[in-house]
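Colleague: Okay, handing you the structure first.
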Amino acid sequence: MLIYALSDMHGRLPIVPECDLCIIAGDVCPIESHEALFQAEWLKGTFQPWLESLPAKRIVGIAGNHDVVFERDPAVPRDLPWTYLHDQTASIDGLVVYGTPYQRWFNGWPFMRTEEELEVLWQEMPTCDIVICHGPPYGAGDVAADGEVAGSTTLARKLQELQIPWCICGHIHENYGIYRLGQTQVANVALVDNHYNVVHPPMRIDADASG
């Protein structure tokens, strides 16, 4: 299956190559405003036409910590032409994908939770081929430029317990790339740098159904 993945667009909508599956790992809305009304209008007027133009057979996405409207109004993403996952799974040509917007607590942004809360939220995380989350797991591309460790120990443990082949994330802009965490390949697919300039293309992910 041909997959391209991206995250941390912050309103920048790139060209995505033709593919079977496009994965969007959060922070889609522009950085210019975090007002829910502004984001809702942008999603309808700008993001939706872009999604409709993508040469992808399927599109799966989650929200990130800058996507305020997704937390305030859960109905918004259901109107968009993609499969929005909020602690849910989707099966795409036999590939099982689980998506969650939650991540380790950081400054009170949307979808931030303590490790204790994440333990409860992800208790029923299923065995799957790909986990899509916004924040990284602990120990895999999770150190920010200022030295802060942003990865979730709960997520890292769940990936290993369930032997998940792939984890697609973003959030830490400067850590674009693929990291190994035990049996899991962790792909940080952030498009922008810390100045919100687009510096990376959507990343090709070579994943196949395990079952």
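The values are calculated or read from the model by the stated rules, or taken from the named source; none is laboratory data. Keep in mind that what you see is a predicted model, and the values were worked out from it rather than measured. Counting neighbours? That spans all protein chains shown, and the Cβs are built from the backbone with ideal geometry, glycine included. Surface areas here come from the heavy atoms of the whole protein model, side chains and all, with no ligands, DNA or RNA. Shrake-Rupley method; radii C 1.70, N 1.55, O 1.52, S 1.80 Å.
Colleague: Answer with yes or no whether Thr127 is over 17 Å from the mean Cα position of the chain (by Cα) and of a type in the set (Ser, Thr, Tyr).
Modeller: So Thr127 fits the description; yes.
Colleague: Next up: For region 88-110, name all the residues that are open to solvent by 80 Å² or more (accessible area, probe 1.4 Å), more than 17 Å from Ser7 (Cβ to Cβ) and in contact (Cβ under 8 Å) with a residue 24 or more places away in the chain.
Modeller: Asp93
Colleague: Within the set of pairs 6+ apart or on separate chains, which have a first residue in region 111-132 that is without any contact (Cβ under 8 Å) to a residue 40 or more places away in the chain, a second that is surrounded by fewer than 20 Cβ atoms within 10 Å (Cβ to Cβ) and assigned to a loop (DSSP other than H, G, I, E, B), and C-beta atoms under 7 Å apart?
Modeller: Arg113/Trp105; Thr114/Trp105; Leu121/Asp87
Colleague: A follow-up question, please. When you check Gly147 against the structure, is it of a type outside the set (S, T, N, Q) and free of Cβ contacts under 8 Å to residues at least 60 places away in the same chain, yes or no?
Modeller: Yes, satisfied.
Colleague: While we're on this one: With respect to His10, determine if the residue is open to solvent by less than 10 Å² (accessible area, probe 1.4 Å) and of a type outside the set (D, E, K, R).
Modeller: Considered against the rule, which asks whether it is open to solvent by less than 10 Å² (accessible area, probe 1.4 Å) and of a type outside the set (D, E, K, R), His10 comes out as yes.
Colleague: Step by step: first the residues of region 158-175, then only those that are modelled with pLDDT of 95 or more and either of a type in the set (S, T, N, Q) or over 23 Å from Ser91 (Cβ atoms) (or both), then the one that is least open to solvent (accessible area, probe 1.4 Å). Which residue is that?
Modeller: Gly170
Colleague: Let me ask you something else. Condition first: closer than 25 Å to Pro110 by Cβ and hydroxyl-bearing (Ser, Thr, Tyr). Now tell me which residues in region 180-199 satisfy that.
Modeller: Correct list: Tyr196 only.
Colleague: Within region 56-75, work out how many residues are outside any strand (DSSP E or B) and buried (at least 20 other Cβ atoms within 10 Å of the Cβ).
Modeller: 8
Colleague: Pick from Glu32, Glu116: which is open to solvent by 50 Å² or more (accessible area, probe 1.4 Å) and at pLDDT 95 or above?
Modeller: Within the list Glu32, Glu116, the selection yields Glu116.
Colleague: Quick check, is Ala150 surrounded by 15 or more Cβ atoms within 10 Å (Cβ to Cβ), of a type in the set (A, V, I, L, M, F, W, C) and at pLDDT below 95?
Modeller: Taking the combined requirement at face value, the residue satisfies it.
Colleague: What about Asp73, is it farther than 25 Å from Glu117 by Cβ and of a type in the set (D, E, K, R)?
Modeller: No.
Colleague: Inspect region 47-55 for any residue being in contact with a Leu (Cβ under 7 Å, 6 or more places away or on another chain) and not in a helix (DSSP H, G or I) and give the result as yes or no.
Modeller: No, there is no match, as no residue in region 47-55 is in contact with a Leu (Cβ under 7 Å, 6 or more places away or on another chain) and not in a helix (DSSP H, G or I).
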